[in-house]
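Following: one structure in structure tokens, then a few remarks.
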Amino acid sequence: GNLENPGWLESELSACNKKFRIVSMHQSPFSFNWHWKDWYNRGYGPSLLERKRELVDLFKRNGVQVVFSGHDHIFQRNVLWFEGDDQNEKDNIQFIVSSGGGTTIRTPNSAGKREKLRSMYAEDGYDVTHDMHVSAYHYTVVAIDPERMTIKTIGVPENHPEAKYQIDEVIITE
């Protein structure tokens, strides 16, 4: 962040008049893999959970649809669900962790560990689902047209980079 002007992100998001709002940050507020614990580590700084809540609330208030991050050395897509403007429908934010290059790819946590993390996030007041994870080298491509944003994640086999394959696709229309 910008220590000289801590409200810079809020200013940028509130002034944004685009249909699609995307944030990119180093570490996701919601991880179901190795670095989930970083937000709970007081050695990384004071009040991290409070700052996490402020960030997530900022994203919700300003209609952010996607938050991209890295840091975990794996692909994962997690979705935060919350009450939107329409009382009968839930809104969501896609949290896409795309860190599939540059170092050794990590093994995903077990299903049991991911369920414990989901429960922990729920205790913190977040309805977060873990929709996808893949332990593979990969990259993510975003295409935006006036009607939709398409996010595709492409796997690249380490020993056969020509044999690319699609890992995930998300289409956002609002």
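The values are calculated or read from the model by the stated rules, or taken from the named source; none is laboratory data. If you're wondering where the values come from, they're calculated on a predicted model, not measured in any experiment. Cβ placement follows ideal geometry from the backbone for every residue including glycine, while neighbour counts extend to all protein chains displayed. Heads up: the accessible areas ignore ligands, DNA and RNA and are worked out on the full protein's heavy atoms, side chains in. Shrake-Rupley method; radii C 1.70, N 1.55, O 1.52, S 1.80 Å.
Residues in segment 119-167 that are touching an Asp or Glu at 6+ places or on another chain (Cβ under 9 Å), modelled with pLDDT under 95 and open to solvent by 70 Å² or more (accessible area, probe 1.4 Å): D131 only. With the requirement that a residue be aliphatic (A, V, I, L, M) and in a helix (DSSP H, G or I), what does segment 22-63 give you? L48, L49, L55, V56, L58, listed by residue number. Going residue by residue through segment 84-96, is there one that turns out to be touching a His at 6+ places or on another chain (Cβ under 7 Å), over 18 Å from D38 (Cα atoms), open to solvent by less than 60 Å² (accessible area, probe 1.4 Å) and modelled with pLDDT of 95 or more? No, because not a single residue in segment 84-96 is touching a His at 6+ places or on another chain (Cβ under 7 Å), over 18 Å from D38 (Cα atoms), open to solvent by less than 60 Å² (accessible area, probe 1.4 Å) and modelled with pLDDT of 95 or more. Taking the listed residues K18, K37, K52, the one that is within 24 Å of T153 (Cβ to Cβ) and either at pLDDT below 95 or out of contact with any Phe, Trp or Tyr (no Cβ under 7 Å at 6 or more places or on another chain) (or both) is K18, with no other qualifying.
Taken together, S28, S47 contain a single residue that is more than 22 Å from V142 (Cα to Cα) and among the hydroxyl-bearing types (S, T, Y), which is S47.
Of all the residues in segment 153-174, those that are of a type in the set (G, A, S) and in a loop (DSSP other than H, G, I, E, B) number 1. Entry remark, segment 9-28: residues being farther than 18 Å from I151 by Cβ and touching a strand residue (DSSP E or B) at 6+ places or on another chain (Cβ under 9 Å) number 4 in total. Taken as a whole, the condition of being surrounded by fewer than 16 Cβ atoms within 10 Å (Cβ to Cβ), within 15 Å of the chain's Cα centre (by Cα), at negative phi and in contact (Cβ under 8 Å) with a residue 12 or more places away in the chain does not apply to H35. Criterion applied to L49, L55, L80 was being within 15 Å of D124 (Cβ to Cβ) and open to solvent by less than 10 Å² (accessible area, probe 1.4 Å), and the one residue passing it is L80.
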